[in-house]
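Before any comments, here is the structure.
No lab work stands behind these numbers, since they all come straight from the coordinates. Small disclaimer: the values here were computed from a predicted structure and weren't measured. Note that we place each Cβ from the backbone using ideal geometry, even for glycine, and neighbour counts take in every protein chain shown.
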C-alpha cells in the first residue's frame, strides 16, 4: 500500500509524527525526558484530560459544544465532597506494620464506589439540563453552556457555603483513589483506558453510538431515517456530564482539595485536545484514537516545557510556546489534510 | 398597523422591560441606596470596558464566527502602552496610546487572516490559541510585575473624571454607539456584513468580498478590544499581564443578550446598549444587596439562558397551536 493511502486511512499517523517530533525536540535538550517512567507519567498526567476529551467528542459529534464542563466538575466534586465530609468517621482498623499487628485509625466515609456514582450522577444531571435546553429548547449550545458555566459555579458556591473541602474531610480511600497502582500503572491511566474502550465500543459498534455521527453529519437526513435527533443530542450531553463528574472526582482526589472554582478555564484545553485529534467542531467526524492522541499532544507539551530546562528569561516564554504549539499542531493538521485531498485528486486524474 | 405590531414585537422591548423590572425591584428592596446617580457611577465598570468588547463581539457574532481572544488582545495592547510609556524611552503618552491601538489592530488582523486562510478550522480554536499567545507575549514583556504611573489626566480625566454628574467614560461610549448604529443598520456596508453572516455562499455569489469583510471586522474587533483595554487601564491605574481575564466571555454574553446569535446574521447595536444597561442595573443592585460575585454570575447565567429560552418556547407553543388549528380546519372541510 502506498504511503499516502495509508495516511488517508489512518490520519492519526500525522499526529503521531507530531508527538514524536515534540518528544525528540525535548529529549535533545534533556535526555532524561525519554525514559519509560517519564512517558508513563505523561500518560498518567494526561489521563483526566483524555477522559474529558472522549466525552467532549460525543458532544462535538452531534454538532453541539459544551463549555460548562468546568462548572460541572466543580459542582459534582463539591456535592460528593460534602456527602463525604458529612459521613466522615474514624474507624480503627488492624494493620500489619513490619509484621506486627497494630491498630491504626483510618478515616472512613461512604464507600468509594458510591462516591463515584454520586459524582457521576450529579454530572449527568447537569448534562440533562444542558441537553434538554439545547435539544428541546432550541437554544444554541454555546449560549446555553456559557450560561450554565456561570450558573453551575454559582450553585457550587451556594452548595459549599463558600467553604472548600480539604484533605482532612476526605476518606482514606478517596485520597488513595488516584494514587493506587495496578501492575505498576496508575489508577488514572486504567480509568482512562476503560473509558476509552467503552466509548470506542459505544460509538463504533452500537446503534445509538452511530446515531451520534448521523445526527452530526446531517440532522435532517437522520431525522428522516427515524433517528430521534433530539434524544441523541440529549444523550451526548448526558454522557459528557457523567464523564465530567468522574473527571471532577479524579481532580479532587489528585489535588486533595475541592474549591468552588475547581479547574475553571479547563474546557478550552479539552476542546483543543479534540480538535487537534481531528474531531470536527461542526459535527459528524471524529475518532477516539485521534482524541486520545490529541490529549497526549497537549500532555507532552505541558510536561515537556518544564523539562526544557528553561531558566531565567526563558521561563516566561512557556505560555507563548504553549499557545503557539497548539496553533501549529492544528494548522499543520489542516495542511496535511489539504495535501491528502490534492494527492487523492491527482491519483484519480482530476 | 402591521408595521407597528412588528416594531413592538422586537427583541429590544424585552430588554427594556427587564431593565425596568430590575430597576423597580431594587429600588423597592433598598430604597435610598439604589439610586440613579450611583448607577451612573457604576456604568464605568460594565458599559465601558466590557462595552467596547461587546460591540466587537457582536460584529464577529453577526459573521457567524466567534472571538475569544479579545481580552488577551486588550491585555497585550495596554501592556505595550504602559511599557512604552514608563520604560523611560521618552515616548510621549499620545504615542503610547497610538501604539496600543496599533497592537490591537495587529492582533485582530492576525485573527482575521488565520480565520480566512484556514476555513476548515473553527474560529473558536484559532482564537483560543491566539488568546494564549497574546497573553503569553504580554507575560514575556511584563513578567509578573505591574507597570503604571500614567499621566494625571489619564486616570483623573478619563478614568474617574465627570462632566456634570456624567462620567467621561460613559460619554465616550454614548458617542460610539450611534456611530455604530448608523454604520451597521443604515449603510450598505453594514448590510453587507449581515449578508455575509446570514449565508456566506450566497453573499460570495452575489459579488461580496466575504473574506475581506471578515478580515476587516476582525481587525476592527481588535481595535475595539484595545480601546476597551485603554479605558480599563485608566480605571485600574496599573497594568498586569492578567488584566481583563475572563472579559471575553462577558462580552460574548452581553452580545448574545443583546440579540446576537452564534449562528450568525443577527445582532443589533441598540440591543447591545440595552443589555449593557441591564447588566449595569443588575450588577449594581446585586453588589449592594449581596456583595458576592458568585451570586452575580449565577443570575447572569440564568438571565442569559432564559432570555433566549422563553421566547423559543413561546414560539414553539404558538406554532403547535397554529398547526392544530389548521388540522381542525382541514378536518372540517373534508
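Judged by the mean number of other Cβ atoms found within 10 Å, the most tightly packed of the peptides B:125-137, B:171-183 leads the ranking B:125-137, B:171-183. What's the center-to-center distance, using Cα atoms, between segment B:283-324 and segment A:153-231 in Å? Using only Cα atoms, the two centres lie 28 Å from each other. Rounded is the label for the protein assembly as shown, because the ratio a/c of its alpha-carbon gyration tensor axes (a ≥ b ≥ c) stays below 1.5.
Rounded to whole Å, give me the distance from the Cα center of segment A:15-88 to that of segment B:77-128. Going from one Cα centre to the other spans 31 Å. A Förster radius of 30 Å, combined with the Cβ-Cβ distance separating residue A:218 from residue B:206, puts the computed FRET efficiency at roughly 0.70. In the elastic network of chain B, a GNM with C-alpha springs shorter than 10 Å, the most mobile of B:261, B:299, B:234 is B:299.
For the pair residue B:290 and residue A:17, a Förster radius of 41 Å applied to the C-beta separation gives a FRET efficiency near 0.15, rounded to the nearest 0.05.
Only helical DSSP H runs with n ≥ 4 go in: add -39500 (n - 2.57) per run for chain B, normalise by residue count and round the 222 nm mean residue ellipticity to 500 deg cm²/dmol.
On the way: 14 runs with 244 residues, N = 334.
Result for chain B, helices only: -24500 deg cm²/dmol.
Would you mind classifying chain B by shape? Square roots of the alpha carbon gyration tensor eigenvalues, ordered a ≥ b ≥ c; an a/c under 1.5 is rounded, otherwise it is prolate if a/b is larger than b/c and oblate if not. Because a/c hits 1.5 or more and a/b fails to exceed b/c, chain B counts as oblate.
Shielding of B:311-318 by partners, i.e. mean partner chain Cβ atoms within 10 Å per residue? Walk me through the numbers before you get to the answer.
Working: counts 1, 5, 4, 0, 1, 3, 0, 0.
That average works out to 2.
Under Stokes-Einstein, with the Kirkwood radius over Cα pairs standing in for Rh, what whole-number D in µm²/s applies to chain A at 37 °C and 0.692 mPa s? Spell out each step's value before the answer.
Details: Rh = 21.7 Å.
The Stokes-Einstein estimate is 151 µm²/s.
Structural descriptor for chain A: relative contact order 33 percent, calculated from alpha carbon pairs under 8 angstrom and at least 6 residues apart.
Per residue of A:268-275, count partner chain C-beta atoms within 10 Å of its C-beta, then hand back the mean as an integer. Display every interim value, and only then the final one.
Working: counts 7, 1, 0, 4, 5, 0, 1, 7.
Mean shielding count: 3.
Of the residues A:18, A:42, A:158, the one that moves most in a GNM of chain A with alpha-carbon contacts below 10 Å is A:158. Using the average count of surrounding beta-carbon atoms within 10 Å as a protection proxy, the listed peptides B:203-211, A:120-128, B:310-318 rank, highest first, as A:120-128, B:203-211, B:310-318. Result for chain A in a Gaussian network model with C-alpha springs under 10 Å: among A:210, A:101, A:29, the largest mean-square fluctuation is at A:101. Using a cutoff of 8 angstrom between alpha carbon atoms and counting only pairs six or more residues apart, the relative contact order for chain B works out to 33 percent. I'd like the FRET efficiency for residue A:348 and residue A:198, computed as 1/(1 + (r/R0)^6) with the beta carbon distance as r and R0 of 45 Å, rounded to 0.05. For R0 = 45 Å, the calculated efficiency reads 0.70.
Among the residues of B:117-130, the average count of other protein chain beta-carbon atoms within 10 Å of the residue beta-carbon is 6.
Order A:49-60, B:190-201, A:284-295, B:13-24 from most to least packed using the mean count of other Cβ atoms within 10 Å. Display every interim value, and only then the final one.
Working: A:49-60: 29.2, B:190-201: 18.0, A:284-295: 23.7, B:13-24: 15.8.
Ranking the peptides A:49-60, B:190-201, A:284-295, B:13-24 by packing returns A:49-60, A:284-295, B:190-201, B:13-24.
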